[in-house]
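One structure below.
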Amino acid sequence: MAFEAEDRASTANKAVPAGMTSADRDQSLVERAQQGDTEAFGELIEQHRNKARGLAERLTGDPHMADDVVQDALIRAFMHMGSLVDTSRFLPWFYRIVRNQANMRLRRGGPHRKEQPFVSILTSSETNSSRVDWEDLDSILYHLARTAADAATREHDPAEHLLRKEMYETIHSLLHCLSRKERDIFKAYFFRQLSPDEIADMYRMTTGSIYTYIHRSRQKLRKEHVRVSLGLLPEKKEGSGLARHKLLEMPAWQADPPIMSTFVSNIGRMLAAISDQWEAAEFMGVSTFAFRMKLSDKTTFADGIYVFDWRAVLQELMKEIGYEISILCGQLADSPVPLLGAVERFPIVLRIEEAVIPFIRKHIDVGKPVLYFDTRVTKPYVHEWSVIYGYDDGARVVHLTDPMLPEGKILSYDDVTDNPVRFLAGFGSKLEQAAGKTARRSRETRAREQALRTIRFAIDYAKNGCDYRPRTSYLNYTSGLAAYDRWIGHLQNPHIAPNRYGMGQLSAVYAEAKRYAALYLRGVLLDGEAMRLALLASEAYEQTADAMDELSRLVPFIRTSEVLSPDMREVCVVHLEKAKMFESAAIGYLEKSIAITAGEEGNGQ
């Protein structure tokens, strides 16, 4: 059903509403994109990417360089949308960016300035080593191959043989990272100097496929060059030389359907995989995600769901439930980083698999899956949390979960390495718990203390919001009860176009969260009047969830280019005001409950 909804939404995106020309629709999308609406920008690019690539290929004469040109142009266009004064002239403006990027790459002979197409090196009359660009792989390989060929025509002397041997050893030390087919095609292109058309005939493949093989091989070789430069040796294989692989069983967690907060849902699945089952409501409460709510100050983007201190929150949660945790995080310097507000404090990391894959192997080998932030998640999601539960060195893939694929999916090692956001986490040892003849009482005491910490967090978060603030000045968020006011303000402001897709995800996620808040409070270990007040808070959260559910039904979580009408906005505001009223009441009850508990503790009860 989700895929059918996505297909319908995709069809709706491509259809031009009656009475609106393509130019009018583009202008509308541009105006929304200038307000920060990434969905609108995505629709613009989806419509015009192919024409832009065609222009780039005509300008450069190289299909792979054209891909790089368009990618650079997209990044620049997104960053400078605000500078476009006449929103009716998006296409000429965008094509000018494409031309500028193409000219920049051609100015010095090719992509990355120092890099030249191999054919341009062949036409050079300079072949001595002083003309070799030792930072350019094509130039190095061409020089080595040409020097070796020249040496073969000269007299045999020991020094020349030694030089040739060292050259070929250098080549082979790099090429071992390629598969056999990639290596054969690469050698045919660079060493035998066959054209892609000739290689395609040899392998009965399309010329486009050969270009893809060559492009992919060059990327692998660049990574290998970095790896060798750092002195990272190839890992020894265990056993009889066979590649290592392992696939863990992923038992179903009790949450059905899965919790929409995939950060919590996937940690719950990881715990279930090591035979530590938690009730969904209890885990949503203990993790505090039942009581969180954050909204962008720009419009109704869904990014507020993801912007928190990932490391600190995960460490606190694992400590709360009694586990050590290992975290591997970073961001790639040369890639647009999604959710910058959450990851801007991460260190810059290298694009090499030795920095990532061993971490995955280490945990999977001892039977523990790995939490992973996935930027290649299946639509309608943009990015989500997942769990890696297997790897295969032979196929060079990892197995992981996906919110839209119950059977899971696979990603290549390259996909994992190239993820612009690097965040992986694995469980360590179980922390020691109190033991002895008072163990049962200690467990009950700990559960009560845990519940009180969660309730205090709920109160503080609702009244004061989240204490995590992005450093980037243009990223601002409102959290707690004030997030309702921010949301309502977006809907009532005629100068803001609410992001409908983001609003659909926000309403669905927070409706579910409020429902779990209600369920959690029914099970806390409090007594007497404090428990009665907690139950009243639970009922108020249930009514909050009902109001948010109504909002979610009005604005479902599907991709659509349909905008919210003024009448629809007013109805949404009514539901949000109702939800805020009930949650405010819930917080009032929890404050009284905590006050009574504190009084009882002060009296020694």
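The values are calculated or read from the model by the stated rules, or taken from the named source; none is laboratory data. Given the structure is predicted, the values throughout are model-derived calculations rather than measurements. Neighbour counts are summed over all protein chains in view; Cβ atoms, including those assigned to glycine, are modelled from backbone coordinates with ideal geometry.
Observations
- Counting only strands (runs of 3 or more DSSP E) that sit completely within the stretch 306-407, those holding 3 or more residues that are of a type outside the set (Val, Ile, Thr), within 30 Å of residue 500 (Cα to Cα) and out of contact with any Gly (no Cβ under 6 Å at 6 or more places or on another chain) correspond to 370-374, 384-392.
- Check on residue 315, polar (S, T, N, Q) and outside the structural domain of residue 257 (by TED's automatic domain parsing): yes
- Failed condition for residue 510, given (1) in a helix (DSSP H, G or I); (2) more than 22 Å from the chain's Cα centre (by Cα): (2)
- Options 328, 295, 332; residue that is in the same structural domain as residue 490 (by TED's automatic domain parsing) and either under 26 Å from residue 408 (Cβ atoms) or among the aliphatic types (A, V, I, L, M) (or both): 295
- Of all residues in the stretch 314-336, those that are over 18 Å from residue 420 (Cβ atoms) have Cβ atoms under 9 Å from Cβ atoms of residues that are part of a strand (DSSP E or B) and among the polar types (S, T, N, Q), 6 or more apart or on another chain, in 323/429; 324/429.
- Identity of the residue in the stretch 268-305, assigned to a helix (DSSP H, G or I) and among the acidic types (Asp, Glu), that ends up nearest to the chain's Cα centre (by Cα): 303
- Residues in the stretch 565-583 that are crowded, with 19+ Cβ neighbours inside 10 Å and among the aliphatic types (A, V, I, L, M): 576, 579.
- Scope the stretch 590-601; condition modelled with pLDDT of 95 or more and crowded, with 20+ Cβ neighbours inside 10 Å; matching residues: 590, 593
Residues checked against (1) on the phi > 0 side of the Ramachandran plot; (2) modelled with pLDDT under 95; (3) touching a Gly at 6+ places or on another chain (Cβ under 9 Å):
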position	(1), (2), (3)
534	no, no, no
551	no, no, no
557	no, yes, yes
565	no, yes, no
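- Top-ranked residue in the stretch 498-524 [being of a type in the set (A, V, I, L, M) and over 27 Å from residue 563 (Cβ atoms); ranked as surrounded by the fewest Cβ atoms within 10 Å (Cβ to Cβ)]: 519
- Some residue of the stretch 483-490 being of a type in the set (A, V, I, L, M), touching a His at 6+ places or on another chain (Cβ under 6 Å) and assigned by TED's automatic domain parsing to the domain that holds residue 290: no
- The stretch 408-428, subset over 13 Å from the mean Cα position of the chain (by Cα) and not in a strand (DSSP E or B), residue surrounded by the most Cβ atoms within 10 Å (Cβ to Cβ): 413
- If the condition is being assigned to a helix (DSSP H, G or I) and buried (at least 20 other Cβ atoms within 10 Å of the Cβ), then the stretch 460-483 contributes 461, 462, 483.
- In the stretch 45-82, the residues that are over 23 Å from residue 334 (Cβ atoms) and at pLDDT below 80: 46, 82
- Of 72, 86, all but one fail to be farther than 19 Å from residue 338 by Cα, surrounded by fewer than 20 Cβ atoms within 10 Å (Cβ to Cβ) and among the acidic types (Asp, Glu); the exception is 86.
- When residue 447 is tested against (1) modelled with pLDDT under 90; (2) more than 23 Å from residue 259 (Cβ to Cβ), only condition (2) is not met.
- Residue 192 fulfils the conditions (1) modelled with pLDDT under 85; (2) part of a helix (DSSP H, G or I) except for a single criterion, (2).
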